[in-house]
Amino acid sequence: MMRSVGTLTRADLAETINRKMGFSRAESLALVESILAHMCNAMADGENVKISGFGSFVLRDKKERIGRNPKTGIEVPITPRRVMTFRASQLLKERIANG
């Protein structure tokens with residue numbers, strides 16, 4: 001049985017940069033924040049984000065469509081919106097599958 005072993009946080013990423021690269025804790029956290037901000041800004045501008053060997057954050061524009069309230073069965077319009085999906089790279093899929 002597989003189980004979650006925790007959650008990787010910004011602080012964890014900064015700690016790894018601090019240990020492996022020798023930057024100060026403040027510099028390491030600033031680097032993590034800068035990368036995440038750059039990714040968020042790109043997606044807010046409609047760009048996909050691809051990290052080789054890891055995966056892609058892909059944006060999709062969904063058109064307005066008719067949905068159904070599952071409790072009442074009444075049809076309601078679902079407004080157009082942009083959604084983001086994550087597609088893992090083949091390398092990441094293999095690493096996850098092989099533990």
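The values are calculated or read from the model by the stated rules, or taken from the named source; none is laboratory data. Predicted model only: the values in this text are computed from it and were never measured. All Cβ positions, glycine included, derive from the backbone under ideal geometry; neighbour counts span all protein chains shown.
Restricted to segment 7-24, and to residues that are part of a helix (DSSP H, G or I) and of a type in the set (A, V, I, L, M, F, W, C), which residue is nearest to Val49 (Cα to Cα)?
Going through the qualifying residues, I end up with Leu13.
Which number in (1) on the phi > 0 side of the Ramachandran plot; (2) surrounded by 11 or more Cβ atoms within 10 Å (Cβ to Cβ) marks the one condition that Gly6 misses?
For Gly6, the failing item is (2).
Looking at (1) among the charged types (D, E, K, R); (2) assigned to a loop (DSSP other than H, G, I, E, B); (3) not assigned by TED's automatic domain parsing to the domain that holds Ala97, which one does Lys71 not meet, given that it meets all the others?
The one condition Lys71 does not meet is (3).
Kindly indicate whether any position in segment 63-84 is touching a Leu at 6+ places or on another chain (Cβ under 8 Å) and either surrounded by 12 or more Cβ atoms within 10 Å (Cβ to Cβ) or over 27 Å from Ile17 (Cβ atoms) (or both).
Yes: one or more hits.
Condition check ((1) closer than 18 Å to Leu8 by Cβ; (2) assigned to a loop (DSSP other than H, G, I, E, B)) across all residues:
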{"residue": "Ala26", "(1), (2)": "no, no"}
{"residue": "His38", "(1), (2)": "no, no"}
{"residue": "Gly46", "(1), (2)": "no, yes"}
{"residue": "Lys50", "(1), (2)": "no, no"}
{"residue": "Gly53", "(1), (2)": "yes, yes"}
{"residue": "Ser56", "(1), (2)": "no, no"}
{"residue": "Ile66", "(1), (2)": "no, no"}
{"residue": "Val76", "(1), (2)": "no, no"}
{"residue": "Arg87", "(1), (2)": "no, no"}
